[in-house]
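> Attaching a single structure in structure tokens format; questions to follow.
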Amino acid sequence: MEEMTDPLSDQGALAESQRCLYCYDAPCIHACPTGIDVPAFIKKIANGEVASAAKTILTANILGASCARVCPTEVLCEGACVLGHEYEPIPIGRLQRHATDFITKRGISVLKKPTETSGFRVAIIGGGPAGLGCAADLAQLGHRVVIFEKERDAGGLNTRGVAYYKMKPRVSLDEVRLVESLGVEIRREVNVGVDLSAGELLSEYDAVFVAIGLGCGSRLNLPGESGPGVRSALDFIRDIHEMPLDEVAIGHSVLVIGGGNTAIDAVSQAKRLGAPSATLAYRRKEERMSAYAFEVSLARAADCRLLFQAKPLEVLRSAEGNLTGVKFVHETNGKEWIEPCDQLLVAIGQNKQDHWLKSLFPTLELNSQGCVITDPLTSRTNLPKVFAGGDCANGGKEVVNAVGEGKKAALAIHQMLTGKTPIPTLQSSRRGIARPPAGAGLWNPVRKPTH
């Protein structure tokens with residue numbers, strides 16, 4: 001259950017950082033939804049300025065430590081690396097982890113709490129990646145920010161929904177504390193809509209950012225599904241984060257239904273926890289899976305069995321009601337068969353929280369999928385003072401996408417409140433020119449800013 005990727009040694013980080021070409025018009029920057037200046041931070045590692053590298057990362061992405069572990073770097077920054085055409089791409093994720101771990105282990109503070117405040121107050125509903133990303137940028141711009149989080153711990157799925165072998169909860173909780181150190185207040189175990197109303201938020205705060213993520217896991221709606229032995233894959237992963245590992249219920253024969261990254265996480269996690277048999281069943285062909293190819297290879301490496309074109313028909317139970325298996329039909333040849341199991345984990349997506357959203361903001365515009373409709377450049381909704389981002393708006397993407405949307409909303413909120421574009425406070429040591437905060441959607445590394 002250790003993290004699947006070992007950290008780089010000091011010597012290893014130095015060697016890898018010196019392979020970088022430090023591209024001027026770097027495709028890795030374009031590929032990062034938060035716009036981290038990758039060549040700049042790697043150059044700083046090569047120069048022995050590791051804490052400064054961490055500052056470059058965290059200024060662009062406050063969740064840089066967790067993204068270094070859970071981001072699909074193979075298809076984002078590393079996938080865009082020009083060296084990848086003929087050689088091994090730069091291990092950007094591992095270098096990012098090296099820099100952020102460096103300051104965490106040594107207790108080095110690279111981001112400072114502003115000494116002056118604007119007098120404006122912003123409420124954020126949800127303390128996951130989008131909410132934290134928005135809060136960090138707003139706080140550094142001098143605004144008072146309060147996050148309302150219904151759980152005991154903030155961090156969203158980073159804290160309780162990521163496979164344990166990818167990232168331990170402490171990494172996410174360290175990032176939550178980092179956001180708090182910037183002056184952000186987090187009010188935990190507050191259920192917005194029950195403990196306080198939308199009217200109270202809109203009257204007490206100058207802007208509201210909705211970052212509630214998605215809801216509970218979707219059900220199969222099959223005969224026999226209700227009963228012992230069947231649960232959401234996300235609930236299973238959450239137990240791993242919140243309970244001693246030897247107390248997590250694990251079956252002898254575990255079956256996971258789904259084709260996304262959560263399904264892969266669940267089946268791999270079950271096998272790593274000691275399940276003698278762990279099988280994933282997906283109703284379409286392998287190439288139709290939404291899970292990344294490298295994630296699927298991880299499951300195979302963990303000796304998980306994968307079934308494709310397997311459509312579930314019925315959850316089977318004994319006379320006593322115990323789970324015994326699932327009946328499937330092959331989508332191509334119509335053949336039916338039974339997969340025995342004593343634990344079934346369902347990973348076919350999460351429900352949208354459209355009913356909650358409508359109960360809180362009756363006139364908020366949602367699309368046909370139940371997601372909040374926002375302006376793609378500003379994250380504004382149709383309601384004055386209300387912005388939204390993260391999974392509740394995009395339907396479910398990566399952590400780094402949520403952080404990027406939070407940052408974009410922070411810039412738009414600041415402009416709405418002050419009428420000003422944030423003044424760049426950092427200089428790119430690589431280019432020697434000022435630039436606005438990464439992720440703002442206004443920066444093109446080929447041309448100078450237009451504003």
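> Is it fair to say residue 281 is within 25 Å of residue 252 (Cβ to Cβ) and free of Cβ contacts under 8 Å to residues at least 40 places away in the same chain? Give the steps one after another, and end with the answer.
Numbers: within 25 Å of residue 252 (Cβ to Cβ): yes; free of Cβ contacts under 8 Å to residues at least 40 places away in the same chain: no.
Criteria not met by residue 281.
> Just to check your reading of the model, which residue among 214, 196, 182 is touching a strand residue (DSSP E or B) at 6+ places or on another chain (Cβ under 6 Å) and either in the same structural domain as residue 103 (by TED's automatic domain parsing) or surrounded by 14 or more Cβ atoms within 10 Å (Cβ to Cβ) (or both)? First the steps, then the outcome.
Values: 196 fails: touching a strand residue (DSSP E or B) at 6+ places or on another chain (Cβ under 6 Å); 182 fails: touching a strand residue (DSSP E or B) at 6+ places or on another chain (Cβ under 6 Å).
The conditions single out 214.
> Only residues that are surrounded by 15 or more Cβ atoms within 10 Å (Cβ to Cβ), of a type in the set (A, V, I, L, M), more than 30 Å from residue 267 (Cβ to Cβ) and in contact (Cβ under 8 Å) with a residue 40 or more places away in the chain: list them for the stretch 1-27, please.
13, 26 - these are the residues of the stretch 1-27 that are surrounded by 15 or more Cβ atoms within 10 Å (Cβ to Cβ), of a type in the set (A, V, I, L, M), more than 30 Å from residue 267 (Cβ to Cβ) and in contact (Cβ under 8 Å) with a residue 40 or more places away in the chain.
> I've got another one for you. Out of curiosity, is residue 257 of a type in the set (A, V, I, L, M, F, W, C), farther than 19 Å from residue 70 by Cβ and surrounded by 21 or more Cβ atoms within 10 Å (Cβ to Cβ)? Spell out the reasoning first.
On the way: of a type in the set (A, V, I, L, M, F, W, C): yes; farther than 19 Å from residue 70 by Cβ: yes; surrounded by 21 or more Cβ atoms within 10 Å (Cβ to Cβ): yes.
Yes, satisfied.
> Does residue 227 meet the test of being of a type outside the set (Lys, Arg), exposed (fewer than 13 other Cβ atoms within 10 Å of the Cβ) and touching a Gly at 6+ places or on another chain (Cβ under 7 Å)? Quick ask: steps written out before the conclusion?
Working: of a type outside the set (Lys, Arg): yes; exposed (fewer than 13 other Cβ atoms within 10 Å of the Cβ): yes; touching a Gly at 6+ places or on another chain (Cβ under 7 Å): yes.
In short, yes.
> Of the residues 288, 231, which is among the basic types (Lys, Arg) and closer than 25 Å to residue 321 by Cα? Spell out the reasoning first.
Details: 288 fails: closer than 25 Å to residue 321 by Cα.
Every option except 231 fails the conditions.
> Given the options 177, 160, name the one that is touching a Ser or Thr at 6+ places or on another chain (Cβ under 9 Å), among the basic types (Lys, Arg) and outside the structural domain of residue 66 (by TED's automatic domain parsing).
Working: 177 fails: touching a Ser or Thr at 6+ places or on another chain (Cβ under 9 Å).
When all the criteria are applied, what remains is 160.
> Oh, and also: Do any helices (runs of 4 or more DSSP H) entirely within the stretch 47-129 hold 2 or more residues that are under 21 Å from residue 408 (Cβ atoms) and β-branched (Val, Ile, Thr), and if so, which?
50-60
> Can you tell me how many residues in the stretch 51-69 are of a type outside the set (D, E, K, R) and surrounded by fewer than 24 Cβ atoms within 10 Å (Cβ to Cβ)? Steps first, answer last, please.
Taking the stretch 51-69 first, the residues of a type outside the set (D, E, K, R) are 51-54, 56-68.
Within this subset, residues satisfying the condition of being surrounded by fewer than 24 Cβ atoms within 10 Å (Cβ to Cβ) are 51-52, 58-59.
Total satisfying the criteria: 4.
> Do we have residue 28 as of a type in the set (A, V, I, L, M, F, W, C) and farther than 20 Å from residue 129 by Cβ here?
yes
> Filter the stretch 28-49 down to the residues that are surrounded by fewer than 24 Cβ atoms within 10 Å (Cβ to Cβ), over 22 Å from the mean Cα position of the chain (by Cα) and without any contact (Cβ under 8 Å) to a residue 60 or more places away in the chain and list them by number.
Once the filter is applied, which keeps residues that are surrounded by fewer than 24 Cβ atoms within 10 Å (Cβ to Cβ), over 22 Å from the mean Cα position of the chain (by Cα) and without any contact (Cβ under 8 Å) to a residue 60 or more places away in the chain, the stretch 28-49 yields 46, 47, 48, 49.
> Which residue, of 218, 226, 232, is over 21 Å from residue 385 (Cβ atoms), in contact with a Cys (Cβ under 9 Å, 6 or more places away or on another chain) and polar (S, T, N, Q)? Break it down stepwise before answering.
On the way: 218 fails: in contact with a Cys (Cβ under 9 Å, 6 or more places away or on another chain); 226 fails: in contact with a Cys (Cβ under 9 Å, 6 or more places away or on another chain).
The match here is 232.
> Of the residues that make up the stretch 136-159, is at least one touching a strand residue (DSSP E or B) at 6+ places or on another chain (Cβ under 6 Å), in a helix (DSSP H, G or I) and crowded, with 18+ Cβ neighbours inside 10 Å?
Checked the stretch 136-159: at least one residue is touching a strand residue (DSSP E or B) at 6+ places or on another chain (Cβ under 6 Å), in a helix (DSSP H, G or I) and crowded, with 18+ Cβ neighbours inside 10 Å.
> Let me ask something else about it. Scan (1) farther than 18 Å from residue 159 by Cα; (2) in contact (Cβ under 8 Å) with a residue 40 or more places away in the chain for the single condition residue 240 breaks and write down its number.
Residue 240 satisfies all of (1) farther than 18 Å from residue 159 by Cα; (2) in contact (Cβ under 8 Å) with a residue 40 or more places away in the chain except (1).
> Kindly check whether there is at least one residue in the stretch 376-394 that is surrounded by fewer than 20 Cβ atoms within 10 Å (Cβ to Cβ), among the aliphatic types (A, V, I, L, M) and either at pLDDT below 95 or outside any helix (DSSP H, G or I) (or both).
Within the stretch 376-394 (the criterion being surrounded by fewer than 20 Cβ atoms within 10 Å (Cβ to Cβ), among the aliphatic types (A, V, I, L, M) and either at pLDDT below 95 or outside any helix (DSSP H, G or I) (or both)), the answer is yes, since at least one residue qualifies.
> Right, here's the next one. Among the residues of the stretch 398-444, write down those that are part of a loop (DSSP other than H, G, I, E, B), within 18 Å of the chain's Cα centre (by Cα) and modelled with pLDDT of 70 or more. Full working, then the answer.
Within the stretch 398-444, the first condition is being part of a loop (DSSP other than H, G, I, E, B), and the residues that meet it are 398, 419-426, 428-433, 435-444.
If we keep only those that are within 18 Å of the chain's Cα centre (by Cα) as well, we get 398, 438-439.
The one that is part of a loop (DSSP other than H, G, I, E, B), within 18 Å of the chain's Cα centre (by Cα) and modelled with pLDDT of 70 or more: 398.
> Just need a number here: residues in the stretch 188-219 that are part of a loop (DSSP other than H, G, I, E, B) and in contact with a Gly (Cβ under 8 Å, 6 or more places away or on another chain). Please lay out each step first, then the result.
Within the stretch 188-219, the subset part of a loop (DSSP other than H, G, I, E, B) is 189-191, 193-195, 197, 205-206, 211-216, 218-219.
Within this subset, residues satisfying the condition of being in contact with a Gly (Cβ under 8 Å, 6 or more places away or on another chain) are 211-214, 218.
Here the count works out to 5.
The values are calculated or read from the model by the stated rules, or taken from the named source; none is laboratory data. Remember, it's a predicted structure, so these values are computed and weren't measured experimentally. Methodologically, a virtual Cβ is constructed for each residue, glycine included, from the backbone with ideal geometry; neighbour enumeration extends over all protein chains shown.
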